[in-house]
Amino acid sequence: MTSPYDILFEPVKIGPVTTKNRFYQVPHCNGMGYRDPSAQASMRKIKAEGGWSVVCTEQVEIHATSDIAPFIELRIWDDQDLPALARIADAIHEGGALAGIELAHNGMNAPNQLSREIPIGPSHLPVAPDTIAPIQARAMTKSDIADLRRWHRNAVRRSLEVGYDVIYVYGAHGYSTLHHFLSPRYNSRTDEYGGSVINRMRLLRELLEDTVEEVAGRAAVACRITVEEETHDGIHREDIEAVLGELGELPDLWDFAMGSWEGDSMTSRFAPEGRQEEFVVGLKKLTTKPVVGVGRFTSPDAMVRQVKTGILDLIGAARPSIADPFLPNKIRDNRLELIRECIGCNICVTGDQTMSPIRCTQNPSMGEEWRRGWHPEFSRPKESDSRVLIVGAGPSGLEAARALGVRGYDVALMEGSRELGGRVTRESRLPGLSAWNRVRDYRESALAQLPNVEIFRESPMTADDIVEFEFQHVLVATGATWRTDGVGRWHTRPLPIAPGAQVLGPDDLFADRLPDGKRVVVYDDDHYYMGGVVAELLRAKGYDVSIVTPSPQVSPWTVNTFEVNRIQRRLIQSGIERITDHALNAIGVGGVTIADVYTDSPREVECDAVVLVTARLPKEELYLDLVARRDAGDLASVRSVGDCLAPGTIAAAVWSGRRAAEEFDAPQRSNDDVPFRREVTELAPL
Ligand code: ADP
Ligand code: SF4
């Protein structure tokens with residue numbers, strides 16, 4: 001039987017290798033790198049099993065002058081790094097995919113804080129764009145260029161030795177020496193490597209020619225290249241068109257990327273699926289070689305359109321493959337309703353940004369494949385006929401119900417309100433966050449296929465209700481509420497609030513309880529997205545909004561999700577006043593007192609109402625009641641999960657629900673033990 005998606009399962013020839021379909025996991029960072037290679041091998045293998053025809057590593061530093069510590073990526077500095085790289089390639093092959101390796105020289109983006117080598121680039125410039133370390137790169141001499149070419153060749157040779165099928169020449173994202181040479185922003189050379197676009201692409205040509213020669217048909221050569229730098233003085237359309245005109249037939253594959261990772265991996269709050277299309281459309285015509293590109297593609301129809309309209313040959317994905325490693329197989333098997341669609345939140349990016357193993361809001365098994373043995377689709381079967389009652393159908397309750405249901409347990413999921421999804425449903429109504437609903441939608445679809453899980457809506461539960469049921473095991477996933485007393489990071493004790501002052505929290509806005517009056521101060525001591533989103537919501541409803549925060553920027557933690565700059569821009573453009581470096585010290589009627597965080601110097605801000613976005617408290621009364629009932633012998637086990645255990649991200653809540661399901665009926669471990677497998681560095685001889 002034919003399917004509208006058959007075109008996605010056609011093979012594509014990439015030089016000497018042929019893919020089994022058009023699904024291509026482009027190189028992506030994961031915060032595991034050289035520190036957790038076995039964990040990475042398992043993660044990549046599962047994607048291969050899930051149907052991705054090519055699975056790539058992240059950037060692999062080719063030399064000690066390309067050291068982006070403290071970030072944790074792979075290295076191919078010398079033969080010592082090969083066992084880890086071999087393990088990853090082998091795992092990808094075992095999973096049934098071709099293995100790609102992205103060889104990278106970070107050039108002036110590498111502060112070399114570990115190696116203490118002097119960074120090198122096209123010009124004498126401070127290291128950029130990812131760091132403001134007080135370090136300058138020096139302009140490469142001809143002998144440096146010769147060195148770089150040799151290092152790259154060595155890395156190619158080593159990549160072949162350990163079995164990679166697709167070998168990258170990397171020139172994208174502002175992270176690569178090749179990008180720096182190509183970009184007029186960074187390249188101010190006056191020799192044959194600077195000036196005209198032909199000169200600026202000279203090093204790219206040389207590395208491509210070296211790689212093609214070294215590979216000698218034993219693997220495909222891919223080139224990941226910036227198509228648009230999104231700065232007035234950077235790489236633009238005319239540059240990439242010139243590159244393709246000159247070098248279009250040199251590699252076996254072109255992988256199109258933006259000029260910054262931030263521009264490539266935009267969140268759903270700021271960009272729709274397929275946002276790169278405007279920069280990529282038409283480029284395929286300039287080469288006979290296959291092209292791959294990304295766009296947070298989760299819709300098979302959008303993928304088919306990319307191929308049919310001749311924009312891409314291969315559907316590239318990082319985030320969609322993280323959220324659902326089995327996305328290709330689900331399309332192949334027509335199980336579209338079970339696709340775990342990426343919500344575009346960039347929690348995955350925060351792993352790499354914080355040098356911790358990758359995590360994902362939608363896929364709690366991401367990063368846990370090796371160290372905890374979790375799988376995105378399977379779980380070990382149930383070990384008893386126990387029945388489990390779960391209270392609360394937010395992200396943690398839904399995930400616990402799904403995962404326990406997959407294991408085969410009988411589950412009753414009790415939700416107090418009419419809606420499933422808890423905070424996800426509430427928050428997805430906020431400006432820009434509608435895609436977050438997918439956390440609920442995927443789980444609702446998955447639960448609909450599990451006859452052993454029953455969902456009861458409008459069923460608020462008390463401890464007495466629960467004890468009356470015959471369930472012996474209870475998971476409490478009742479969530480958390482936003483505080484309205486000002487306690488957060490800055491003030492750890494309640495703020496002085498005058499009687500009659502109008503004080504609200506995000507929960508009031510979720511329930512459509514809006515401030516009276518016109519002028520509102522939003523106080524953000526949470527520092528993630530909520531303060532800025534709440535300010536946007538109120539502004540859109542016509543209030544005059546000031547956002548006050550002790551931080552130097554609004555939502556500073558979103559530097560890790562690549563949103564911090566766009567958030568400031570959106571706030572400014574919507575006419576929201578930002579008052580940074582100020583703490584809220586007192587709330588009166590008609591105004592608040594704020595103080596400079598460095599000098600304590602106070603000032604008054606007039607307003608009719610204050611919305612406090614500071615911290616949350618777990619809704620743990622039911623849990624505590626049930627613990628008492630368990631201790632009295634009425635129940636066998638009680639566990640709290642998600643925000644009820646400790647308020648955190650949606651990703652943390654989903655993960656917590658999954659963990660409870662995985663650990664149910666598992667042999668009791670002492671919490672003195674490390675709760676996961678570790679890979680500990682082997683000592684070198686003294
Ligand atoms: P989490 O992020 O941990 O999943 P949420 O706040 O998103 O938490 O979801 C908690 C869910 O629990 C909400 O849908 C809420 O309506 C529900 N809930 C809270 N208390 C009860 C209760 N006593 N009985 C049933 N449902 C409850
Ligand atoms: Fe998508 Fe968010 Fe998962 Fe990243 S963490 S893959 S953005 S759902």
Among residues of the stretch 79-123, those that are among the charged types (D, E, K, R) and without any contact (Cβ under 8 Å) to a residue 24 or more places away in the chain, counted: 1
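Against the condition crowded, with 23+ Cβ neighbours inside 10 Å and either outside any loop (DSSP other than H, G, I, E, B) or within 13 Å of ligand 1 (Cβ to nearest atom) (or both), how does V627 come out, does it pass? Outline the logic, then answer.
On the way: crowded, with 23+ Cβ neighbours inside 10 Å: no; either outside any loop (DSSP other than H, G, I, E, B) or within 13 Å of ligand 1 (Cβ to nearest atom) (or both): yes.
Judged against the criteria, V627 is not a match.
One line per residue, one yes/no per condition, for (1) away from ligand 1 (no atom under 16 Å from the Cβ); (2) more than 21 Å from M266 (Cβ to Cβ):
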| position | (1), (2) |
| --- | --- |
| G295 | yes, no |
| T298 | yes, no |
| V307 | yes, yes |
| S321 | yes, no |
| R335 | yes, yes |
| I343 | no, no |
| T354 | yes, no |
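Got a sec? Which of A222, A216 is out of contact with any helix residue (DSSP H, G or I) (no Cβ under 8 Å at 6 or more places or on another chain), buried (at least 24 other Cβ atoms within 10 Å of the Cβ) and among the small types (G, A, S)? Spell out how you get there, then give the answer.
Values: A216 fails: buried (at least 24 other Cβ atoms within 10 Å of the Cβ).
Matching residue, one of A222, A216: A222.
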Count of residues meeting criterion [closer than 25 Å to L125 by Cβ, surrounded by fewer than 15 Cβ atoms within 10 Å (Cβ to Cβ) and not polar (S, T, N, Q)] in the stretch 135-161: 4
Residue ID - surrounded by the most Cβ atoms within 10 Å (Cβ to Cβ), chosen from residues in the stretch 264-293 that are farther than 16 Å from R224 by Cβ and among the β-branched types (V, I, T): T267
Subset of the stretch 588-603 (residues that are part of a strand (DSSP E or B), of a type in the set (A, V, I, L, M) and farther than 19 Å from V520 by Cα): none
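Is it fair to say R372 is more than 30 Å from F71 (Cβ to Cβ) and either touching a residue at least 12 places away in the same chain (Cβ under 8 Å) or not assigned by TED's automatic domain parsing to the domain that holds V474 (or both)? Before the answer, list the steps.
Working: more than 30 Å from F71 (Cβ to Cβ): no; either touching a residue at least 12 places away in the same chain (Cβ under 8 Å) or not assigned by TED's automatic domain parsing to the domain that holds V474 (or both): yes.
Criteria not met by R372.
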So G373, is it more than 17 Å from the chain's Cα centre (by Cα) and among the small types (G, A, S): yes
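Looking at R296, is it of a type in the set (K, R), assigned to a loop (DSSP other than H, G, I, E, B) and surrounded by fewer than 24 Cβ atoms within 10 Å (Cβ to Cβ)? Reasoning before the result, please.
Numbers: of a type in the set (K, R): yes; assigned to a loop (DSSP other than H, G, I, E, B): yes; surrounded by fewer than 24 Cβ atoms within 10 Å (Cβ to Cβ): no.
In short, no.
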Test for I343: is it closer than 15 Å to R296 by Cα, within 10 Å of ligand 2 (Cβ to nearest atom) and not in a loop (DSSP other than H, G, I, E, B): no
Residue within the stretch 665-686 that is in contact with a strand residue (DSSP E or B) (Cβ under 6 Å, 6 or more places away or on another chain) and either in contact (Cβ under 8 Å) with a residue 24 or more places away in the chain or surrounded by 17 or more Cβ atoms within 10 Å (Cβ to Cβ) (or both) present: no
Qualifying residues in the stretch 641-677 (those that are part of a loop (DSSP other than H, G, I, E, B) and of a type in the set (K, R)) - the one modelled with the highest pLDDT: R677
Residue satisfying all of: in the stretch 631-654; in contact (Cβ under 8 Å) with a residue 40 or more places away in the chain and among the charged types (D, E, K, R); farthest from ligand 1 (Cβ to nearest atom) among these: D634
Yes/no for G542 being surrounded by fewer than 15 Cβ atoms within 10 Å (Cβ to Cβ), under 28 Å from G500 (Cβ atoms), assigned by TED's automatic domain parsing to the domain that holds V521 and more than 27 Å from the chain's Cα centre (by Cα): yes
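The values are calculated or read from the model by the stated rules, or taken from the named source; none is laboratory data. Note that the structure is predicted; figures quoted are calculated from it, not measured. Cβ sites come from the backbone with ideal geometry, for glycine too, and all protein chains shown count toward neighbours.
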